[in-house]
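Readers should treat all values here as calculations from the given coordinates under stated rules, not as data from a laboratory. This is a predicted model, so every value here is computed, not measured. Please note: Cβ atoms are built from the backbone with ideal geometry, for glycine as well, and neighbour counts cover all protein chains shown.
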Amino acid sequence: MAKLGMSHKVREVKPTRAEARCACGDVVVEIAVPAQWAWHDHSAPARRAHGAAYATYVGTWKSRFRFVRGEDCLSRYDADGAVRSFCARCGTPMLYERSPQHVNIPRALFTIGVGREPRYHLAIDQLRDWTYLGEKLGPLKGFPGVVWTGGRRKMPAAKTHGRRQSD
Ligand SMILES: [Zn+2]
C-alpha cells in the first residue's frame, strides 16, 4: 500500500445549531450553539410542569432560537410571570419563558450537545428527598434490568435544608 505523502489531519467540525423535538415530532425548534447557559430547576412549578424530580433547562437568546416546525401546535400556560408551552398533541414541555429576550428549553429534548453543561441549580432548597442523587445501586433479584438502592435511605438534613418534605 502506498504511503500518503502528507499527513491528513481531520479537523473536527462542531455543529453550529442544536435541534430539540417533542415526543411526537410535531414541534421542532433549534438554537445556535453554544447555548447561553444550562441549569437544573428544583422549584415546585418546574417539577410539576415536567412531572419529574426537577427540570434541566438550556437557555438562549430569542435571537438565537427559531421554530423548525410546529409553533401553532403549542398550548400555552401563563402563570407567575412565566409562560410554559407544551405540545398540544403529546404534552411534551417545550418552552419556558420569563423574559421577552430569552427562551428556555428542556435539555432532554435536544438530540445533540448544546455546548453548555448544566452547572447551576435554582431553588435547591426545594430539592425533594426522593430525588435520585447518584447513590450506589445493585440488581433487584428477579427483575432483570432493574436496579435499586437496596433499602430505605434518609437524605442528610443538609440536603433538605431542614425543610419538611411533603410532596
Ligand atoms: Zn408533540
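A few remarks follow.
- Within the chain, helix-based [θ] at 222 nm, where runs of 4 or more DSSP H residues each add -39,500 (n - 2.57), nearest 500: -1500 deg cm²/dmol
- Summing charges over all other residues whose Cβ lies under 12 Å from the Cβ of Ala82, with Lys and Arg as +1 and Asp and Glu as -1, gives -1.
- Debye intensity ratio I(q)/I(0), log10, segment 17-123, q values 0.12, 0.13, 0.22 Å⁻¹ (C-alpha model): -0.34, -0.41, -1.30
- Ranked packing of 134-147, 82-95, most packed first, by mean Cβ within 10 Å: 82-95, 134-147
- Using the Karplus relation 6.51 cos²θ - 1.76 cosθ + 1.60 with θ = phi - 60°, the per-residue 3J(HN,Hα) values for segment 13-20 come to 9, 7, x, 9, 9, 10, 9, 10 Hz, with x marking Gly and Pro.
- Under the convention that each Lys and Arg Cβ holds +1 and each Asp and Glu Cβ holds -1, the size of the dipole of segment 1-96 around its Cα centre is about 460 debye.
- Residue ranges 34-46, 116-128, 96-108 sort as 34-46, 96-108, 116-128 when ordered by packing (mean number of other C-beta atoms within 10 Å per residue, highest first).
- Per the chain, cysteines lacking a partner by the 4.7 Å Cβ criterion: Cys73
- The count of lysine pairs in the chain that are at least 8 places apart or cross chains, and whose C-alpha atoms lie under 27 Å apart, stands at 4.
- Relative contact order of segment 1-95, pairs being alpha-carbon contacts under 8 Å that are 6 or more residues apart, as %: 26
- Normalised by the number of residues in the chain, the average gap of Cα pairs under 8 Å and 6 or more apart makes the relative contact order 23 percent.
- Each Lys and Arg contributes +1 and each Asp and Glu -1, all at the Cβ; summed about the Cα centre of the chain, the dipole is approximately 600 debye.
- Looking at the chain, the DSSP beta bridges with both ends there are about 90 percent antiparallel.
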